[in-house]
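What follows is calculated from the coordinates using simple rules that are stated; it is not laboratory data. On a predicted model such as this, the values are computed, not experimentally measured, just so you know. We place every Cβ from the backbone using ideal geometry, glycine too, and count neighbours over all the protein chains shown.
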Amino acid sequence: MVHTQFDPAVREALAAKAVEAKTRKDLTWQQIADASGLSVVVTTAAVLGQHPLPKESAEAVPELLSPDEEAALVLQTVPVRVPTDPEGP
């Protein structure tokens, strides 16, 4: 698996492009998960930037949404996880 990616903007941009392509092609999260060979939960989390995918899945998802070699690489990286609650736990 590819190492951690420290720039969350790259993943955010990929997530926005993926959701746009999903909407444009009228795909469901289940259809994208079927292409990845993983569960809908894991696939959705990965496409939205919260989880990495194995290489085979990371290559299959952009192929369905829009072919992009860089997208496959980004989907394989471990995202930087930051707290969503500014007050903290």
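Taking the Cα centre of the stretch 8-76 as reference, the dipole from Cβ charges on Lys and Arg (+1) and Asp and Glu (-1) amounts to some 200 debye.
Need the full-extension length gain, residue 50 to residue 66, defined as separation in residues times 0.36 nm minus the C-alpha distance. One decimal, nm.
Answer, rounded to one decimal: 3.8 nm.
Rounded, prolate or oblate for the stretch 8-76? Axes are the square roots of the Cα gyration tensor eigenvalues, ordered a ≥ b ≥ c, and the cut-off for rounded is a/c under 1.5. Rounded, because the longest to shortest axis ratio a/c is under 1.5.
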